[in-house]
1. Please state which one of Ala29, Ala88, Ala21, Ala46 is assigned to a helix (DSSP H, G or I) and closer than 30 Å to Leu220 by Cα.
2. Go over the candidates Lys124, Lys169, Lys177 one by one and state the one that is closer than 23 Å to Gln90 by Cβ and surrounded by fewer than 21 Cβ atoms within 10 Å (Cβ to Cβ).
3. Restricting the search to region 170-200, which residues are within 13 Å of Leu131 (Cα to Cα) and at pLDDT below 90?
4. Please specify each residue of region 1-37 satisfying the condition of being surrounded by 10 or more Cβ atoms within 10 Å (Cβ to Cβ) and of a type in the set (Asp, Glu).
Amino acid sequence: MNDTEVSKTISQMVMFIRQEAEEKAAEIAVSAEEEFNITKLQLLEAEKARVRKEFERREGTVEVKKKVEYSKQLNESRIKVLQAREDAVQTVLQDAFAQLVAMSQDKAAYKRLLADLLAQGMYKLAEPKVLVRCREMDVQLVRDAFSAAQTKYQEVYGTAAPALELDPKHPLPPPPKAGKQHDDEFQTCCGGVVVTSGDGRIVCSNTLDDRLRITYSSLLPEL
């Protein structure tokens, strides 16, 4: 081969190699583009999934907080309702105590009531002799009610009434002062009597305060 043919052959080989290289480079570029797009899509989907998960987590947290806050407000509302109800009941109860104090100031009506309370107390004790405790301010009224109480006892229960005796050693507390709440049953008394057996071991409280408390307790569910 002469120089011209050699050069031509070499040129053809160079062109062939270059074409092969260009085709290979194109394939690599296409493959790289495809891999890039796939990787980008995977990263994008992974990020979307992460964002969705984070959003769901935050949404769940917000929902839990809403439920907790709702429950808290509902509980506070219930407590307020219960407190208002209790305040209303206590207001009525204090008003009732005040009315008992006022009732005990009507001497004639109060004397009749004392006779009834004494008769009930005697029946409950079923003792031959009954000691009577009362407020110091009621001593004379209670003494005056003894006879009426024994007569009432005989009329209602059909048997002779037990003997009645005043117990001056154990007076009941005075009534609550005007404008003061009736809180402590051992410090104040709106009226009525406490009757005991002759030895003081059996006690039946028939004070106006205890009668009101019994009524209050029995009506509390309805209230």
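1. Selected residue: Ala88, the only one of Ala29, Ala88, Ala21, Ala46 that is assigned to a helix (DSSP H, G or I) and closer than 30 Å to Leu220 by Cα.
2. Selected residue: Lys177, the only one of Lys124, Lys169, Lys177 that is closer than 23 Å to Gln90 by Cβ and surrounded by fewer than 21 Cβ atoms within 10 Å (Cβ to Cβ).
3. Matches in region 170-200: Gly198, Asp199, Gly200.
4. The answer is Glu20, Glu22, Glu23, Glu27, Glu33, Glu34, Glu35.
This table checks each residue for (1) modelled with pLDDT of 90 or more; (2) touching a strand residue (DSSP E or B) at 6+ places or on another chain (Cβ under 8 Å); (3) within 16 Å of Gly192 (Cα to Cα); (4) surrounded by 13 or more Cβ atoms within 10 Å (Cβ to Cβ).
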{"site": "Thr61", "(1), (2), (3), (4)": "no, no, no, no"}
{"site": "Ser77", "(1), (2), (3), (4)": "no, no, no, no"}
{"site": "Ala96", "(1), (2), (3), (4)": "no, no, yes, yes"}
{"site": "Leu114", "(1), (2), (3), (4)": "yes, yes, yes, yes"}
{"site": "Val130", "(1), (2), (3), (4)": "yes, yes, yes, yes"}
{"site": "Phe146", "(1), (2), (3), (4)": "yes, yes, yes, yes"}
{"site": "Ala163", "(1), (2), (3), (4)": "yes, yes, no, yes"}
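For every residue, the table says whether it meets (1) touching a Pro at 6+ places or on another chain (Cβ under 8 Å); (2) outside the structural domain of Leu208 (by TED's automatic domain parsing).
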position	(1), (2)
Arg52	no, yes
Val81	no, yes
Lys124	no, no
Arg133	yes, no
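The values are calculated or read from the model by the stated rules, or taken from the named source; none is laboratory data. What you are looking at is a predicted structure, and each value in this text was computed from that prediction instead of being measured. Because the Cβ atoms are built from the backbone with ideal geometry, glycine has one as well, and the counts that use them run over all protein chains shown.
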